[in-house]
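K.L.:
Here's a structure for you.
The values are calculated or read from the model by the stated rules, or taken from the named source; none is laboratory data. A quick note: this is a predicted structure, and the numbers were derived from the prediction, not measured. Neighbour counts are summed over all protein chains in view; Cβ atoms, including those assigned to glycine, are modelled from backbone coordinates with ideal geometry. Please note that ligands, DNA and RNA were not included when accessible areas were found on the heavy atoms of the full protein model with its side chains. Shrake-Rupley method; radii C 1.70, N 1.55, O 1.52, S 1.80 Å.
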Amino acid sequence: MNGAKFHAWKGSRFSIAVLILAFTGIFLWTWETNPFVTTLQSAKFRLHSSDYVVHDQKYVPSSVPSTEMKRNDEQKSNSMSSEDSKRIGNNSSSSPTDLTASFTPQSEDKNGDGKDGIFSSKTKDCNYAKGRWVADKSRPLYSGFGCKQWLSGMWACRLTDRTDFSYEGYRWQPNNCKIKDFDASKFLRRMQDKTIAFIGDSLGRQQFQSLMCMATEGEWRIDVEDVGVQYGLVKRRGAIRPDGWAYRFSNTNTTILYYWSASLADLEPLNVKDRATDVAMHLDRAPVFMRKFLHRFNALVLNTGHHWNSGKIQGNRWVMYVNGKPIQDRKLQDIANAKNFTIHSVVRWLDSQLLHHPQLKAFFRTISPRHFRNGDWNTGGSCDNTIPLTGGSKVTKNESSDPVIADAVKGTNIKLLDITAISELRDEAHISRYSVKPTQGVNDCLHWCLPGIPDTWNEILIAQL
């Protein structure tokens with residue numbers, strides 16, 4: 001009898017212990033997933049894992065009609081006639097070059113195990129746009145305070161009133177390969193006697209400034225020489241800034257440059273003596289700068305997208321031209337169609353030129369997402385979130401979130417630098433309402449704080465080189 005009571009008492013005590021453990025587990029789980037609690041943890045030492053992932057939704061820039069996303073492969077193949085392709089190819093002012101040495105950065109891996117480099121050891125099977133953001137206590141890659149020589153003050157969020165910098169504490173981890181830690185000295189050694197060129201809009205300029213800060217480790221360097229004049233990148237009279245910048249690291253003869261070409265169309269003032277003149281926007285011609293200096297480049301990164309809207313086109317006094325004449329075709333007058341035509345024109349021309357420039361690796365970067373909520377930049381739109389990865393940490397889909405660029409480079413030797421979906425998850429990393437010179441009521445939910453997301457774009461670029 002006493003034995004039975006003892007076993008009954010022992011069984012009930014075991015049940016109570018199980019219940020206590022279960023309630024404790026539930027409490028800890030809810031505590032750890034509470035958004036308020038996560039803000040108390042250092043971003044550099046925590047991994048914010050979310051059940052939300054980016055699957056197959058398409059990112060559609062708010063300034064571009066949604067019809068642009070309905071293009072299919074058949075439309076792509078018909079977007080330019082063979083005559084257009086030949087005409088664009090003949091516009092090149094570049095001639096075949098004698099720089100025939102192939103660009104093979106992996107050749108310096110003396111041990112054959114990839115340990116000497118900063119490049120991924122498994123590039124063929126890797127979809128760099130598929131993976132997750134993970135916390136990394138070694139971030140950021142450079143100081144936002146120290147990189148004043150290369151970084152525009154308006155993008156250096158450490159110099160603003162912003163107090164939360166948890167967005168700096170993450171790196172991108174692809175699923176099928178590992179991007180090796182960036183090492184500035186190894187990068188410059190691999191890029192010895194080579195030139196990296198960025199051609200595109202202000203987001204391309206951010207990527208350029210990011211790479212300059214990465215390569216210098218955010219420090220002033222006496223061995224970096226301004227060689228912009230060699231590329232005609234000087235400030236014109238009356239201009240706010242030069243059309244671009246070019247810097248050379250004298251120790252390795254590595255050059256990094258940027259040229260402003262927001263639309264990638266060739267721009268030609270109709271009256272060079274009149275500053276208020278209309279500008280011919282030749283949709284079927286690559287920019288003169290690209291055609292003139294292509295033979296000097298070893299890596300080229302193109303981007304466009306955010307200037308393809310009526311406000312920018314009218315504000316810049318751009319008049320769309322094809323075949324040397326103003327466009328009469330109503331379909332091509334549609335901004336989305338004009339953008340697609342221009343992208344395909346530039347891609348086909350560049351792809352044809354790669355045969356003459358075997359040293360060159362070309363990339364087309366997908367569009368950088370905007371995160372304006374409840375309006376646009378001029379109508380009260382904002383991006384106030386400061387908690388990293390509230391929309392999820394993973395990208396699981398295989399297709400690009402920028403099908404326009406992806407379709408254009410398909411079947412060519414131009415590589416896709418696919419950054420749209422991974423950047424879409426980082427709405428907290430924009431400049432937002434913080435600025436060195438804040439404008440009342442205006443938020444910048446287009447450009448990124450630096451150090452920040454464009455650093456990841458460059459890490460993916462370097463891995464694909």
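K.L.:
Is one or more of the residues making up region 280-297 open to solvent by less than 10 Å² (accessible area, probe 1.4 Å) and more than 24 Å from Ala406 (Cα to Cα)?
P.N.:
yes
K.L.:
If you don't mind, there's one more thing I want to ask. Could you give every pair whose Cβ atoms fall below 6 Å, whose first residue belongs to region 278-295 and is under 16 Å from Ser310 (Cα atoms), and whose second residue is assigned to a helix (DSSP H, G or I) and open to solvent by 10 Å² or more (accessible area, probe 1.4 Å), counting only separations of at least 6 or pairs across chains?
P.N.:
Hits for this filter: Leu283/Phe341.
K.L.:
So which strands (runs of 3 or more DSSP E) are wholly in region 348-465 and hold at least 1 residues that are open to solvent by 10 Å² or more (accessible area, probe 1.4 Å), among the basic types (Lys, Arg) and modelled with pLDDT of 95 or more?
P.N.:
361-365, 415-417
K.L.:
Can I ask one more? Could you please give the count of residues in region 156-168 that are farther than 19 Å from Val395 by Cβ and buried (at least 16 other Cβ atoms within 10 Å of the Cβ)?
P.N.:
The qualifying residues number 9.
K.L.:
(1) modelled with pLDDT under 95; (2) closer than 28 Å to Ser393 by Cα; (3) of a type in the set (Gly, Ala, Ser): which one isn't true of Gly153, the others all being true?
P.N.:
Tallying (1) modelled with pLDDT under 95; (2) closer than 28 Å to Ser393 by Cα; (3) of a type in the set (Gly, Ala, Ser), Gly153 fails exactly one: (2).
K.L.:
Here's another thing I want to ask about it. Could you say whether any residue in region 425-438 is hydroxyl-bearing (Ser, Thr, Tyr) and within 16 Å of the chain's Cα centre (by Cα)?
P.N.:
no
K.L.:
Follow-up. Count, please, the residues in region 212-232 that happen to be under 23 Å from Pro454 (Cα atoms) and not charged (D, E, K, R).
P.N.:
9
K.L.:
Check region 179-191 and report whether any residue there is under 16 Å from Leu151 (Cα atoms) and within 23 Å of the chain's Cα centre (by Cα).
P.N.:
no
K.L.:
Can I ask one more? Does at least one position in region 141-155 carry a residue that is of a type outside the set (A, V, I, L, M), buried (at least 18 other Cβ atoms within 10 Å of the Cβ), more than 23 Å from Ile367 (Cα to Cα) and in contact with a Lys or Arg (Cβ under 8 Å, 6 or more places away or on another chain)?
P.N.:
Scanning region 141-155, I find at least one residue that is of a type outside the set (A, V, I, L, M), buried (at least 18 other Cβ atoms within 10 Å of the Cβ), more than 23 Å from Ile367 (Cα to Cα) and in contact with a Lys or Arg (Cβ under 8 Å, 6 or more places away or on another chain), so the answer is yes.
K.L.:
A further question on this structure: Just the residues that are assigned to a strand (DSSP E or B), in contact (Cβ under 8 Å) with a residue 40 or more places away in the chain and of a type outside the set (Ser, Thr, Tyr), please, taken from region 245-265.
P.N.:
Those that are assigned to a strand (DSSP E or B), in contact (Cβ under 8 Å) with a residue 40 or more places away in the chain and of a type outside the set (Ser, Thr, Tyr): Phe249, Ile256, Leu257, Trp260.
K.L.:
Pairs please, first residue from region 193-207 and more than 17 Å from Leu350 (Cα to Cα) and of a type in the set (D, E, K, R), second anywhere and assigned to a strand (DSSP E or B) and open to solvent by less than 10 Å² (accessible area, probe 1.4 Å), Cβ atoms under 8 Å, 6+ apart in sequence or on different chains.
P.N.:
Asp193/Thr254; Lys194/Thr254; Lys194/Thr255; Lys194/Ala299; Arg205/Phe198; Arg205/Tyr258
K.L.:
Moving to a separate point now. Quick one: count up the residues across region 300-321 that are crowded, with 22+ Cβ neighbours inside 10 Å and assigned to a strand (DSSP E or B).
P.N.:
3
K.L.:
Inside region 189-220, can you point out the residues that are outside any helix (DSSP H, G or I), under 20 Å from Trp155 (Cβ atoms) and open to solvent by 10 Å² or more (accessible area, probe 1.4 Å)?
P.N.:
Within region 189-220, Glu217, Glu219, Trp220 meet the criteria.
K.L.:
Exactly one of these conditions fails for Ile118: (1) of a type outside the set (Asp, Glu); (2) surrounded by fewer than 22 Cβ atoms within 10 Å (Cβ to Cβ); (3) at pLDDT 90 or above. Give me its number.
P.N.:
(3) is the only condition that Ile118 fails.
K.L.:
Determine which single condition Arg241 fails, assuming it passes every other condition in (1) within 25 Å of the chain's Cα centre (by Cα); (2) over 30 Å from Tyr321 (Cα atoms); (3) free of Cβ contacts under 8 Å to residues at least 12 places away in the same chain.
P.N.:
Status for Arg241: all satisfied but (2).
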